[in-house]
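Asker: Handing you a structure now.
The values are calculated or read from the model by the stated rules, or taken from the named source; none is laboratory data. No experiment lies behind these values; they were computed from the predicted model shown. Note: ideal-geometry Cβ built from the backbone for every residue, glycine included; neighbour counts use all protein chains shown. Just the protein is used for accessible areas: all its heavy atoms, side chains included, with ligands, DNA and RNA removed. Shrake-Rupley method; radii C 1.70, N 1.55, O 1.52, S 1.80 Å.
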Amino acid sequence: MAARGVGMLACLPLYAQRSQVLRPTHRLLSCSGTVAADVKREEQSSRNVETGSEDRTPKKKFSEVQKERREQAQRTVLIHCPNKISEKKFLKYLSQHGPINSHFFYESFGLYAVVEFSQKESVTSLQNVTRTPSMETEAAIPFKSRFFNLKMKNPSSQTSEQSCIQSSNHSPPSNKKLSELLCYAESMDDQLNTLLKEFQLTEEDIKLRYLTCSLIEDLAAAYFQDCTVRPFGSSVNSFGKLGCDLDMFLDLDEIGKLNTNKTSGNFLMEFQVKNVPSERIATQKILSVIGECLDHFGPGCVGVQKILNARCPLVRFSHQASGFQCDLTTNNRIALKSSELLYIYGTLDSRVRALVFSIRCWARAHSLTSSIPGSWITNFSLTMMVIFFLQRRSPPILPTLDYLKTLADAEDKCIIEGHNCTFIHDLNRIKPSGNTETLESLLKEFFEYFGNFAFNKNSINIRQGREQNKPESSPLHIQNPFETSLNISKNVNQSQLQKFVDLARESAWILSQEDKDRPSPSSNQPWGLATLLQPSVLSSVSLAKKKRKKPASERIKNLLESIKSSSPENDTHTNGKRTVSTQA
Ligand code: GTP
Ligand code: MG
């Protein structure tokens, strides 16, 4: 959510604060040899997200995915475990409270288990036998949550029986590993799909995201009974990269609306409430109190910052056990709708996510995007650019938002704060595209297209899927699909846009040269996408282009020689620092 408040946030010392946030890598530990493991194995097409499949099985609606995941999270608990633990005994102990559907372990400054019971009652049963720790020097705030701490009654007798928990690493690949994987790929299409597979959120990561929202919802419910905390943004829109932040939306809209139709007779009962002068003030007050609550009572919630003066007020904190950087907002229903729209676009055609992930990684590798708010292009804007580009293909790969609106039925109708957010929800009713372009060609064309786009006069608009005259003078204008008078990339300055254009042109040029002379996979030399993710290669292209002294053919030949001779290790690391970030 960093981008929304950019204008107002600029004066806040977020850089320092944000950089302190702990971002542990999750080492997931598998759970073989148990009943839960069987269930897990079935589910565990672990690197498959629930979207973007090539098969023809019906695709789930966004609301269906959300509902299933939410319900699953409500039956799930998070347990901080001792490092040496017998998995078998642990599961047996928990099974006293009811059958377990699935579980997994991960390491994040300690060992944690995520355990999903079959029934919600099991959680209550476990809570009923859980004690509040008695502190010797400090005082504990007795908050009963679903985040537990498991202690051994007799640690020495247990360690000998400790089973070997098989570990599998689910953090994104190192730069070196990624470079190797990309070098050995058979085609550029294979490279783009490999990158997607390595960076997309895993099944476990998704579960942990929904569980974290559910735990925060329990806290917020202490004030607002029946509230809902929903994930939005890249955690759910199918474009999330491992390590991306967790955007949460505190939904208070359902409160008090549940039974209004059921009341009979001549009377209508309303809650006595406090009134404030505006929605914005109400939002600020609610987030302020929830921020306090997270800070004082929220187990594992640290570094709480209330950023209430931003355009979209938010509470930012780090959820230590999951390692997620969280942004909690409320009254932000349109963003949830944007997430649903992106989910539809990401799920309609399997090329979309592969292309978006590659462009996001490319942008990150060249510091076009950043986790710090500023004049950079955001991942959200980049995704919009890819969607727009895919709408412009012939035939189009993605439909326009206006077309999705024409397919909507009465149930899909949605107006939020006067903005028409109607579009079809059932993906299965959208006809697949007849376009058969390869990912390789799409990547090249993307760079060509935006390397030559008339940013000075045209606006990007996924609602209509065609360029329009810019209504204002911002260097980059990408129309907000629902609040159509807004520009989602208003923060981008001319020099950042120019950097994007230069890099796009250079990347297009490199790919066009490579066509003629591609190293063989066995040569272990970076090529295709691997070359594009190396900042040093692009800067050498830029330099070579600037010199322009030698005849073109000789220049190209020399440049290609220099690209080929650069080893992956040298190029993916600069002064020991990683250049391709694992975080979006
Ligand atoms: P990453 O977190 O970078 O992986 O991507 P993200 O899509 O989650 O972006 P971010 O966390 O910055 O924002 C979360 C969501 O808020 C986005 O997916 C959008 O739905 C919405 N959002 C972000 N920036 C803007 C903006 O400038 N305008 C509007 N209207 N919505 C935005
Ligand atoms: Mg986000």
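Asker: Under a 1.4 Å probe, what is the accessible area of segment 168-297 per residue, stated in Å²?
Answerer: About 48 Å² of surface per residue is accessible.
Asker: Considering amide H positions built from the backbone, and no H for Pro or chain starts, which residues 5 or more places from Ile416, or on another chain, come under 5 Å of its amide H?
Answerer: Cys421
Asker: Highest first, please rank the peptides 108-116, 416-424 by the mean number of other Cβ atoms sitting within 10 Å of their residues.
Answerer: Ranked from most to least packed, the peptides come out as 108-116, 416-424.
Asker: With the cut-off at 24 Å, tell me which of the pairs Lys431/Lys490; Lys59/Lys431; Lys120/Lys306; Lys59/Lys490; Lys241/Lys457 have Cα atoms farther apart than that.
Answerer: Distance filter (> 24 Å) returns Lys431/Lys490; Lys120/Lys306; Lys59/Lys490; Lys241/Lys457.
Asker: For a quick check: with amide H placed at 1.01 Å from N, whose amide H comes under 5 Å from Leu314's, ignoring anything fewer than 5 positions away on the same chain?
Answerer: Ile307, Leu308
Asker: Which peptide among 205-211, 458-464 comes first, and what is the full order, when sorted by highest mean count of other Cβ atoms within 10 Å?
Answerer: 205-211, 458-464
Asker: While we're here: Considering only protein heavy atoms, what per residue accessible area in square angstrom results for segment 403-489 with a 1.4 angstrom probe?
Answerer: 47
Asker: Quick one: Karplus J couplings for segment 389-397, per residue in order, coefficients 6.51, -1.76, 1.60, θ = phi - 60°, nearest Hz, x for Gly and Pro?
Answerer: 4, 6, 6, 8, 5, 10, x, x, 8
Asker: Still on this model: What relative contact order, as a whole-number percentage, does segment 285-351 give when Cα pairs under 8 Å and 6 or more residues apart are counted?
Answerer: About 21 percent, as a whole number.
Asker: Got a sec to turn the phi values of segment 115-121 into Karplus ³J(HN,Hα) couplings, 6.51 cos²θ - 1.76 cosθ + 1.60 with θ = phi - 60°, whole Hz, x for Gly and Pro?
Answerer: Along segment 115-121, the couplings run 10, 9, 7, 6, 10, 5, 4 Hz.
Asker: A further question follows. Amide H neighbours of Thr369 under 5 Å, counting only residues 5+ apart in sequence or on other chains, H built in-plane at 1.01 Å?
Answerer: Arg364
Asker: Sorted by packing (mean other beta-carbon atoms within 10 Å per residue), highest first, where do 368-375, 134-141, 403-410, 120-127 land?
Answerer: 368-375, 120-127, 403-410, 134-141
Asker: Share of segment 359-473's accessible area from carbon and sulfur, percent, 1.4 Å?
Answerer: 47
Asker: Ok, one more. Using θ = phi - 60° and the Karplus relation 6.51 cos²θ - 1.76 cosθ + 1.60, list the HN-Hα couplings for segment 504-511 in order, rounded to whole Hz, with x at every Gly or Pro.
Answerer: 4, 5, 5, 5, 4, 5, 4, 5
Asker: Hand me the chymotrypsin sites (Phe, Trp or Tyr not before Pro) from segment 440-479 located in a DSSP loop with no more than 12 other Cβ atoms within 10 Å, in residue order please.
Answerer: Sparse-neighbourhood loop chymotrypsin sites (Phe, Trp or Tyr not before Pro): none present.
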